[in-house]
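Remarks on the structure that follows.
Bear in mind that the values in this text are calculations on the coordinates, not laboratory data. None of these values were measured; they are calculated from a predicted model. No Cβ is skipped: glycine too gets one built from the backbone with ideal geometry, and neighbour counts run over all protein chains shown.
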Amino acid sequence: MALANTGRAIGAVTQTLRERLTAAMGAAVNQVSVGRPEPPSGNIQGSRLNLFLYEVHVDEFLRNESLDEGQPPPLWLVLHYLITAFDGTGESDSINAHDILGAGMRALQAANFLQPTIGTTDPLRDNPNELKVTFDAATIDLLSKLMQGPDMKYRCSAAFQVRPVLIAPDEPPAYSQLVGVDYTANGALIGEKGIHIPVQPSLGPSLTAVEPAKFEVGANLKITGSDLNLEGVAIQMANVVLPMTSKSPDLVECTVPAALAAGNLLSAGSQPITAVQTLPTGHKFSSNVIIGGLLPHVNTATPSAVTPINANPGAPVTAVIDLTGILLSNANDSVFLGLFANGTVVRIFDQFTRPTADQKTLRLTIPKEAAVPKGSYRVILRVNGQQALNSPGVTL
């Protein structure tokens with residue numbers, strides 16, 4: 001499902017409206033623009049329709065409507081737009097502009113219901129309702145408020161709204177199994193025999209801090225908290241269990257397992273650390289979350305194919321820099337590499353290739369348009385907001 005993409009639904013509605021208007025207007029306008037209804041800029045030529053999103057609010061009729069009974073409701077939004085027409089000279093109050101405005105309103109009326117289709121972008125595909133287009137009153141008070149300022153001109157426009165636009169919660173729904181059902185016997189109803197709530201003289205483990213706050217694979221960690229010596233307590237970072245070397249009520253010492261170096265379990269970044277207690281029933285009780293910074297580690301940075309961009313002495317150069325190390329990122333991670341020299345970062349890069357899939361290699365190809373001066377640099381690598389401790393040097 002694309003519910004995770006509904007955070008981009010507002011932009012998707014604007015994009016869909018622009019595509020529908022562009023297709024419906026055909027050769028009647030040169031383009032459909034998005035933004036404040038202002039005079040044409042240098043890259044806008046000829047007649048056009050302009051869409052301006054001026055208000056977003058929560059749909060008062062669907063405020064408490066959930067996608068699934070018993071789960072938190074999502075955001076149901078109403079988007080308010082202005083549509084303004086401009087003729088070939090950039091005027092909005094000419095006969096030609098009024099003709100274009102009328103044709104645009106007719107196109108919106110024809111698209112009364114924006115039914116999501118296969119061609120619709122993912123942020124709208126899982127909206128369970130058709131998106132209703134309704135015209136509003138574009139009163140002189142509304143237009144005057146929106147078009148005030150020394151550079152703004154009052155322009156005759158039409159107003160409309162699109163509803164309901166779904167933005168689903170990011171967290172998964174909180175489902176639980178039914179009480180009084182034996183799931184080991186194909187869902188047999190056993191009534192009160194299935195009620196088993198173990199009582200312990202504790203509220204369960206809780207965590208206070210991790211030391212050090214940032215660490216590499218193989219590091220020793222000290223985690224403080226309370227009730228950490230209860231039976232069945234394990235320390236987890238994300239879904240990875242951290243081997244414990246000692247345990248007391250308020251302190252656990254553990255290590256970051258070397259298995260993370262394989263690159264198939266976690267990426268570098270801010271990771272949640274919890275104390276998870278397995279109860280006699282098999283259920284798990286999790287403590288509060290503390291955050292630890294799992295760092296990437298750079299072993300080497302090797303430049304190759306260092307090439308000046310022209311024949312001038314001292315011309316900037318392009319190059320390929322191959323990094324080796326641990327947790328250097330995968331394709332879904334946010335990665336930045338900076339070339340540092342003379343107390344400052346000369347250039348930052350965020351586009352890479354990965355010769356292997358184990359997060360142990362990372363390749364930067366410096367393109368011609370981002371060429372850097374010849375010289376010696378330190379390589380600074382940040383993966384998901386966490387910076388590698390080692391910054392090897394390269395000479396380009």
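Just a few scattered comments:
- Each peptide in 21-29, 161-169, 222-230 gets a packing score, the mean of other Cβ atoms within 10 Å over its residues, and the list from highest to lowest is 161-169, 222-230, 21-29.
- Rounded to 10°, Cα long-axis angle of helix 95-110 versus longest principal axis of the chain: 50 degrees
- 5 angstrom amide H check on Arg347, placed H, neighbours 5+ away: Leu339
- Neighbourhood charge, 15 Å Cβ-Cβ cut-off, centred on Lys360 and excluding it, Lys, Arg +1 and Asp, Glu -1: -2
- Judged by the gyration tensor of its Cα atoms, with axes a ≥ b ≥ c, the chain is oblate; a/c meets the 1.5 cut and b/c is at least as large as a/b.
- Radius 11 Å from Cβ of Lys222, net charge of other residues (Lys, Arg +1; Asp, Glu -1): -3
- Computed Kirkwood radius, in angstrom, where 1/r is averaged over Cα pairs of region 253-373: 17.3 Å
- As a proxy for reagent exposure, ranking Val317, Val298, Val346 by other Cβ atoms within 10 Å from fewest up yields Val346, Val317, Val298.
- Remark: region 255-265, residue by residue, has Karplus-estimated 3J(HN,Hα) of 10, 7, x, 5, 4, 5, 5, 5, x, 10, 10 Hz, where x stands for each Gly or Pro and the curve is 6.51 cos²θ - 1.76 cosθ + 1.60 at θ = phi - 60°.
- Between the helical axis of 9-25 and the longest alpha-carbon principal axis of the chain there is an angle of about 30 degrees.
- For Val34, distant residues with modelled amide H under 5 Å away: Leu51
- Of the residues Asn288, Asn220, Asn310, the one that moves most in a GNM of the chain with alpha-carbon contacts below 10 Å is Asn310.
- Value of [θ]222 nm, deg cm²/dmol, for the chain, DSSP H segments ≥ 4, -39500 (n - 2.57) each, nearest 500: -3500 deg cm²/dmol
- Computed about the Cα centre, the dipole magnitude for the chain is approximately 1200 debye when only Lys and Arg (+1) and Asp and Glu (-1) carry charge, each at its Cβ.
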